[in-house]
1. Filter segment 134-156 down to residues that are under 14 Å from residue 110 (Cβ atoms), open to solvent by 20 Å² or more (accessible area, probe 1.4 Å) and either assigned to a strand (DSSP E or B) or of a type in the set (Lys, Arg) (or both), then give me how many there are.
2. I need the full set of residues from segment 20-35 which are out of contact with any strand residue (DSSP E or B) (no Cβ under 7 Å at 6 or more places or on another chain) and either assigned to a loop (DSSP other than H, G, I, E, B) or open to solvent by 40 Å² or more (accessible area, probe 1.4 Å) (or both), in order please.
3. Check 104, 70 and return the single one that is modelled with pLDDT of 90 or more, in contact with a Gly (Cβ under 9 Å, 6 or more places away or on another chain) and surrounded by 13 or more Cβ atoms within 10 Å (Cβ to Cβ).
4. Here are the criteria: (1) open to solvent by 30 Å² or more (accessible area, probe 1.4 Å); (2) at pLDDT 90 or above. Tell me which single one residue 172 does not satisfy.
5. Search segment 36-67 for residues being in contact with a Ser or Thr (Cβ under 7 Å, 6 or more places away or on another chain) and in a strand (DSSP E or B), and hand back the single one that is surrounded by the most Cβ atoms within 10 Å (Cβ to Cβ).
6. What is the number of the single condition among (1) of a type in the set (Ser, Thr, Tyr); (2) open to solvent by 30 Å² or more (accessible area, probe 1.4 Å); (3) touching a residue at least 24 places away in the same chain (Cβ under 8 Å) that residue 89 does not meet?
Amino acid sequence: MELKELESAIEGILFAAGDPMSVERLCLTLSQDRETVDSVCQRLADNYSYERRGIRLVHLENSWQMCSAPEQAVYVRKALESRKPAKLSQPALEVLAIIAYFQPVTRAYIEQIRGVDSSYTVGLLLERELIREAGRLAVPGRPMQFKTTKNFLRSFGLASLDDLPDLASASQEDLQLTMEMESALRRLQEAEAGEDGIEEDGT
């Protein structure tokens, strides 16, 4: 398969998929090796950015996804206003921060840090597909653990969890980090201002 044909095929697949597509799935579909697929995807991503196109190709861990350009967010929001997702509350942002930095974690661990019941908030984040179930902890009662999702990465403009802002002296024994984690995620939101990120209100 020639380069232009491969680029065209990848564009078509990612546009139709909408959601992140794993490199392995692309390789299998196109009968290409991982190095070739990643190289072509990166070439497309660079071209979109260089030419200031209205679309972007973003790398999310081991997947690629097509999305709108951040500088066009105001027009995208205006056109799709009725589809705008509800904003996150303060408690939801706190729970999301704890999961993002200490994953996988159980609900009991989240509540140990926050000092309040977090059942509703965890359920809300699951509905928004910002977190997912990640198996049960091998202790009595086998509580469910939670991790962030690729949708979380995309919403905060992250390629991977390694891009999260650093936390000073972070450890699972330190129960006073909630405000610092919240601040770190807020810095991410501010850095991504203008994109279709997640904001917070009092609901």
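1. Initial filter on segment 134-156 (under 14 Å from residue 110 (Cβ atoms)): 134, 137, 143-148.
Going one step further and asking which of them are open to solvent by 20 Å² or more (accessible area, probe 1.4 Å), we end up with 134, 137, 143-145, 147.
Going one step further and asking which of them are either assigned to a strand (DSSP E or B) or of a type in the set (Lys, Arg) (or both), we end up with 134, 144-145, 147.
Within segment 134-156, residues that are under 14 Å from residue 110 (Cβ atoms), open to solvent by 20 Å² or more (accessible area, probe 1.4 Å) and either assigned to a strand (DSSP E or B) or of a type in the set (Lys, Arg) (or both) number 4.
2. 24, 25, 28, 29, 31, 32, 33, 34, 35
3. Values: 70 fails: modelled with pLDDT of 90 or more.
Result of the check over 104, 70: 104.
4. (2)
5. Taking segment 36-67 as the starting set, the residues that turn out to be in contact with a Ser or Thr (Cβ under 7 Å, 6 or more places away or on another chain) are 54-56, 61-63.
Remaining after also requiring in a strand (DSSP E or B): 55-56, 63.
On the way: 55: 15, 56: 17, 63: 21.
This residue is 63.
6. All conditions pass for residue 89, except number (2).
The values are calculated or read from the model by the stated rules, or taken from the named source; none is laboratory data. This one's a predicted model, so the numbers in the text were calculated from it and none came from an experiment. Note that we place each Cβ from the backbone using ideal geometry, even for glycine, and neighbour counts take in every protein chain shown. Surface areas here come from the heavy atoms of the whole protein model, side chains and all, with no ligands, DNA or RNA. Shrake-Rupley method; radii C 1.70, N 1.55, O 1.52, S 1.80 Å.
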